[in-house]
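Enquirer: Would you mind keeping the following structure in view while I ask a few things?
The values are calculated or read from the model by the stated rules, or taken from the named source; none is laboratory data. Note that this is a predicted model, so its numbers are computed, not measured. No Cβ is skipped: glycine too gets one built from the backbone with ideal geometry, and neighbour counts run over all protein chains shown.
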Amino acid sequence: MPTAPPAARTSPVLRIAAAAAPLRQQVVSAVRDAVAEGRYLPGERLVERELCELMGVSRTCLREALRELENDGIVTSVPNRGVIVSTIGLRDAREIYEMRAMLEGLLAERFARMASSAQLTALEQAVDALAQAYESGTGLLEAKRAFYEALIGGADHDLAASMLRSIQLRASQLRNMTLSDPDRARHSIAEIRQLLKAIKKRDPVAAQAAAHKHVQNAGALALRLLERAGAQAASGG
């Protein structure tokens, strides 16, 4: 199984600020973001000693964080091997994108109907920041997260927000894979701008349709890439 280069292991993503609290939640966030950014690959074993040294935390703290990540589906405990980054199969991917389409469509529809002018301005700013992140290739994870939080903020639906945040954790590996395709990155921001356009017109039907299209296009690419990877693995290539 390929591993990220050693230099990536010492990235600030895995640094923990000693004064901040709670420490366990910082460890959860650091490992989650490292997985989302592809620093640890699906199926790769997470070495406790290495992670403890990188983050300067105890094994007890790390194990508590890993249990939380396992509950979220980010990592998996494997007998006689330890904790690995969870793999996502075709069925899992289909279900993730189906749920994302429904939830993001609902949130977009509600945002178009209910969001305040201030919330719309915040969403516009988040889209602009996301476009800059796509352009520069840096800060994409944070920009994506800020965009979804802005969308959630104006939709005012706590259950849908909670469900989407949970699914986004699982979807992060798939997003990292699809955005490695330069064409997808370009199409993605264009689709999000179409979503914003519909929202600014206060057109809930068009906003929902734009959100569905965005997720469905991303899902179609992710499934193709997973199928291709599966075929290559089966052939030994």
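Enquirer: Residues in the stretch 111-125: is at least one under 15 Å from the mean Cα position of the chain (by Cα) and surrounded by fewer than 18 Cβ atoms within 10 Å (Cβ to Cβ)?
Expert: Checked the stretch 111-125: no residue is under 15 Å from the mean Cα position of the chain (by Cα) and surrounded by fewer than 18 Cβ atoms within 10 Å (Cβ to Cβ).
Enquirer: Looking only at the stretch 92-99, decide whether some residue is among the aliphatic types (A, V, I, L, M) and more than 17 Å from VAL215 (Cβ to Cβ).
Expert: Among the residues of the stretch 92-99, not one is among the aliphatic types (A, V, I, L, M) and more than 17 Å from VAL215 (Cβ to Cβ), which makes the answer no.
Enquirer: Within 28 Å of VAL75 (Cα to Cα) and modelled with pLDDT under 95 - does that describe any residue in the stretch 118-136?
Expert: Applying the first criterion (within 28 Å of VAL75 (Cα to Cα)) to the stretch 118-136 yields 130, 133-134.
Next, only the ones that are modelled with pLDDT under 95 stay: 133-134.
Yes, some residue in the stretch 118-136 is within 28 Å of VAL75 (Cα to Cα) and modelled with pLDDT under 95.
Enquirer: Can you find a residue that is crowded, with 17+ Cβ neighbours inside 10 Å, of a type in the set (Val, Ile, Thr) and either more than 21 Å from ARG94 (Cα to Cα) or in contact with a strand residue (DSSP E or B) (Cβ under 9 Å, 6 or more places away or on another chain) (or both) anywhere in the stretch 197-219?
Expert: Checking the stretch 197-219: at least one residue is crowded, with 17+ Cβ neighbours inside 10 Å, of a type in the set (Val, Ile, Thr) and either more than 21 Å from ARG94 (Cα to Cα) or in contact with a strand residue (DSSP E or B) (Cβ under 9 Å, 6 or more places away or on another chain) (or both).
Enquirer: Being buried (at least 19 other Cβ atoms within 10 Å of the Cβ) and aromatic (Phe, Trp, Tyr) is the filter here; which residues of the stretch 142-168 pass it?
Expert: PHE147, the sole residue that qualifies.
Enquirer: Right, something else. Go through the stretch 115-139 and give me each residue that's among the aliphatic types (A, V, I, L, M) and either outside any helix (DSSP H, G or I) or in contact with a Phe, Trp or Tyr (Cβ under 6 Å, 6 or more places away or on another chain) (or both). Step through it out loud before you land on a result.
Expert: Quick first cut of the stretch 115-139, residues among the aliphatic types (A, V, I, L, M) only: 115, 118, 120, 122-123, 126-127, 129-131, 133.
Of everything in the stretch 115-139, those that are among the aliphatic types (A, V, I, L, M) and either outside any helix (DSSP H, G or I) or in contact with a Phe, Trp or Tyr (Cβ under 6 Å, 6 or more places away or on another chain) (or both) turn out to be ALA115, ALA126, LEU130.
Enquirer: Looking at this structure, is ALA112 assigned to a helix (DSSP H, G or I), touching a Lys or Arg at 6+ places or on another chain (Cβ under 9 Å) and over 18 Å from ALA190 (Cα atoms)?
Expert: yes
Enquirer: May I ask you to say which residue of ARG63, ARG24, ARG81, ARG49 is touching a Lys or Arg at 6+ places or on another chain (Cβ under 7 Å), surrounded by fewer than 19 Cβ atoms within 10 Å (Cβ to Cβ) and at pLDDT 90 or above?
Expert: Only one candidate passes the filter, namely ARG81.
Enquirer: Related question: Take the stretch 170-191 and flag every residue that is surrounded by fewer than 16 Cβ atoms within 10 Å (Cβ to Cβ) and either within 15 Å of ASP33 (Cβ to Cβ) or among the basic types (Lys, Arg) (or both).
Expert: Listed by number, the list holds a single entry, ARG186.
Enquirer: Also: Among helices (runs of 4 or more DSSP H) lying entirely in the stretch 140-223, which contain 1 or more residues that are free of Cβ contacts under 8 Å to residues at least 24 places away in the same chain, in the same structural domain as LEU120 (by TED's automatic domain parsing) and under 17 Å from ALA129 (Cβ atoms)? Spell out how you get there, then give the answer.
Expert: Values: elements: 140-155, 158-178, 182-200.
Correct list: 140-155, 182-200.
Enquirer: I've got another one for you. Check the stretch 59-75 and report whether any residue there is within 18 Å of the chain's Cα centre (by Cα), polar (S, T, N, Q) and within 20 Å of ASN176 (Cβ to Cβ).
Expert: no
One line per residue, one yes/no per condition, for (1) assigned to a helix (DSSP H, G or I); (2) within 24 Å of ALA30 (Cα to Cα); (3) free of Cβ contacts under 8 Å to residues at least 24 places away in the same chain:
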{"site": "SER77", "(1), (2), (3)": "no, yes, yes"}
{"site": "ASN80", "(1), (2), (3)": "no, no, yes"}
{"site": "ILE88", "(1), (2), (3)": "no, yes, no"}
{"site": "ALA93", "(1), (2), (3)": "yes, yes, no"}
{"site": "MET99", "(1), (2), (3)": "yes, no, no"}
{"site": "LEU103", "(1), (2), (3)": "yes, no, no"}
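Enquirer: Go through the stretch 36-75 and report how many residues are in contact (Cβ under 8 Å) with a residue 40 or more places away in the chain and farther than 23 Å from LEU174 by Cβ.
Expert: The number of residues fulfilling the criteria is 6.
Enquirer: Which condition number does GLN194 fail, the rest of (1) farther than 18 Å from LEU103 by Cβ; (2) under 19 Å from the mean Cα position of the chain (by Cα); (3) surrounded by 15 or more Cβ atoms within 10 Å (Cβ to Cβ); (4) of a type outside the set (A, V, I, L, M, F, W, C) being met?
Expert: (2)
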